[in-house]
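**Student:** Mind looking over this structure? Questions follow.
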Amino acid sequence: MLLVSRSQVDAIRQQLDGRSGLRVAHIDVSFDPFDFARTGAALVDRAVAYSTPGGDRIAGLGTAWRATAAGTTRFSILRDERANVGHHDLTSFVGFSFSSDGPKTSIWDGYGAAEVFIPRITIEGTESGSSLTVVVPEDETVDATLELLTAMRHPKWIAVDDTGDHSIESHPHVTAWASAVATAIDAIHSGDLDKVVLARSVIVNSTEPVAILRVFRALVERYPQCYNFAWKSGDSVFLGASPELLADVRGSRLTSNPLAGSARRGEGDADDESIGHALLTSDKDREEHRLVVEDLTSRLSGLTTELHVPSSPSLKKMATVQHLSTEIAGTLVEDVGILDVISEVHPTPAVGGVEREAALQFISDVEQIDRGWYTGGVGWINGRGEGAICIGLRCGLIHEGRTHLFAGAGIVADSQPESEVAETRLKLRPLFDLLATS
């Protein structure tokens, strides 16, 4: 059964015919954006599905326009490139790596230092309904894009999915990672830095290819309070359920929600409340959180005319872990957009450390994995500088039957290696539980 009817395709063609430049058409549709992504992702080399805690869903297929950048000016380059395209209301997807120079190893092929692209076909869903947007590049006829639409069918539901058998690898080995944590604690005690985030990876090898969009739908259902994303580039998909908003800009209004300080969820309400209270009153976790919030506040102060920062954190409870959370809100100065904000604050101490340069150098010297887009960012922007970008957390990079999962922990003076290992295990669970179940 066709996902987009022939009469709808004809209506799109009528809007596109006779126009010049980057041609755009819009129609209202009745299907879910993620059904659209599920049926169409295999037909293109680039696709993104994205959901917000508010329930909005966006999916994009193919590439109508794209820009890439690397280095310390990567965000300003992308800002200017996107602004020059015009069509400021069009949704673009943006993604970037932890390091300004981009990933270092071949596992991240197809994922550069930073990119922004306008899909050929985008569907956006809210409580009020869904709309589909078609964008055709200036130098192409409309036929190829419309043929892509007519090739899409309502996806078939498979009652039982064979996930195959699995083997697990840790990189580095847990004992080696715990030793690196101990090294970080020593460096903090020596006064070299105040906090550093160290990451590790677990590889899940499956005998069957991962049913990526089925896994993604499960993430959305289990973690509706997260920013859920799946970004396909070539034969790989980077996906996750991030609890942490890096920045959201609507008009001149800015919001950010840094998280730092974590604990497990309890067994039952009483246990959960007790663990949450202990987290709220933990000197170690409060110090870790304070470093993040103070750094963000300092960096945002020059971009805002007013900034509201709560005096103490609250709890943000996810399915497997709860975090100390501070919701920051402010008003941006004129002509400052979301990529200007990202340029100033990334990487935050929630994923890097304090002082920033010392922490980044320590990570470069000690960490044994290529983070790639883990602890980078994924989200959407438009040509007016608005958008929402989450930090790439609780995530994995999938290539056929091999998945690299990533997790990290913030190390401060009172950290204990065994506790930090336990924290990373909690953070690995969202994807691990879905991948390694047979």
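The values are calculated or read from the model by the stated rules, or taken from the named source; none is laboratory data. Everything numeric in this text was worked out from a predicted model, so none of it was measured. Here Cβ is always computed from backbone atoms with ideal geometry, including for glycine, and neighbour counts include all displayed protein chains.
**Student:** Only one of G240, G261 is touching a His at 6+ places or on another chain (Cβ under 7 Å) and crowded, with 20+ Cβ neighbours inside 10 Å. Can you tell me which?
**Tutor:** On the way: G240 fails: touching a His at 6+ places or on another chain (Cβ under 7 Å).
Checking each option against the conditions leaves just G261.
**Student:** May I pose another question? Any residue in region 384-407 that is of a type in the set (S, T, N, Q), outside the structural domain of G60 (by TED's automatic domain parsing) and outside any strand (DSSP E or B)?
**Tutor:** Filtering region 384-407 for residues of a type in the set (S, T, N, Q) gives 403.
With outside the structural domain of G60 (by TED's automatic domain parsing) added as a condition, the list becomes 403.
Checking which are outside any strand (DSSP E or B) leaves us with none.
Among the residues of region 384-407, not one is of a type in the set (S, T, N, Q), outside the structural domain of G60 (by TED's automatic domain parsing) and outside any strand (DSSP E or B), which makes the answer no.
**Student:** To continue, here is another question. Report yes if some residue within region 155-162 is of a type in the set (F, W, Y), surrounded by 13 or more Cβ atoms within 10 Å (Cβ to Cβ) and not assigned by TED's automatic domain parsing to the domain that holds I27; otherwise report no.
**Tutor:** Let us first name the residues in region 155-162 that are of a type in the set (F, W, Y), namely 157.
Right, trim to surrounded by 13 or more Cβ atoms within 10 Å (Cβ to Cβ) and you get none.
Within region 155-162, not a single residue is of a type in the set (F, W, Y), surrounded by 13 or more Cβ atoms within 10 Å (Cβ to Cβ) and not assigned by TED's automatic domain parsing to the domain that holds I27.
**Student:** Among the residues of region 383-411, write down those that are in contact with a helix residue (DSSP H, G or I) (Cβ under 8 Å, 6 or more places away or on another chain) and over 24 Å from S262 (Cα atoms).
**Tutor:** If the condition is that a residue be in contact with a helix residue (DSSP H, G or I) (Cβ under 8 Å, 6 or more places away or on another chain) and over 24 Å from S262 (Cα atoms), then G383, G385, E386, G387, I398, H399, T403 are the ones that fit.
**Student:** Just to verify a result, which residue in region 344-387, among those that are buried (at least 19 other Cβ atoms within 10 Å of the Cβ) and among the hydroxyl-bearing types (S, T, Y), is farthest from the chain's Cα centre (by Cα)?
**Tutor:** T348
**Student:** Does S128 fit the bill of being of a type in the set (G, A, S) and at pLDDT below 90? It would help to see each step written out before you state the result.
**Tutor:** Values: of a type in the set (G, A, S): yes; at pLDDT below 90: yes.
The answer is yes for S128.
**Student:** To continue, here is another question. Evaluate region 181-197: report whether one residue or more is buried (at least 18 other Cβ atoms within 10 Å of the Cβ) and either basic (K, R) or free of Cβ contacts under 8 Å to residues at least 40 places away in the same chain (or both).
**Tutor:** Yes.
**Student:** Mind checking which helices (runs of 4 or more DSSP H) fall wholly inside region 124-225 and carry at least 1 residues that are closer than 25 Å to V421 by Cβ and of a type outside the set (G, A, S)? Steps first, answer last, please.
**Tutor:** Details: elements: 143-150, 174-189, 212-222.
Answer list for region 124-225: 174-189, 212-222.
**Student:** Another question about this same structure. Please report, ordered by residue number, the strands (runs of 3 or more DSSP E) entirely within region 230-285 with at least 1 residues that are under 30 Å from G40 (Cα atoms) and at pLDDT 95 or above.
**Tutor:** Numbers: elements: 236-242, 245-250, 253-257, 259-264.
Answer list for region 230-285: 236-242, 245-250.
**Student:** Of everything in region 24-36 that's in contact with a strand residue (DSSP E or B) (Cβ under 6 Å, 6 or more places away or on another chain) and within 14 Å of L149 (Cβ to Cβ), which residue is surrounded by the most Cβ atoms within 10 Å (Cβ to Cβ)?
**Tutor:** Ranking the candidates gives F36 first.
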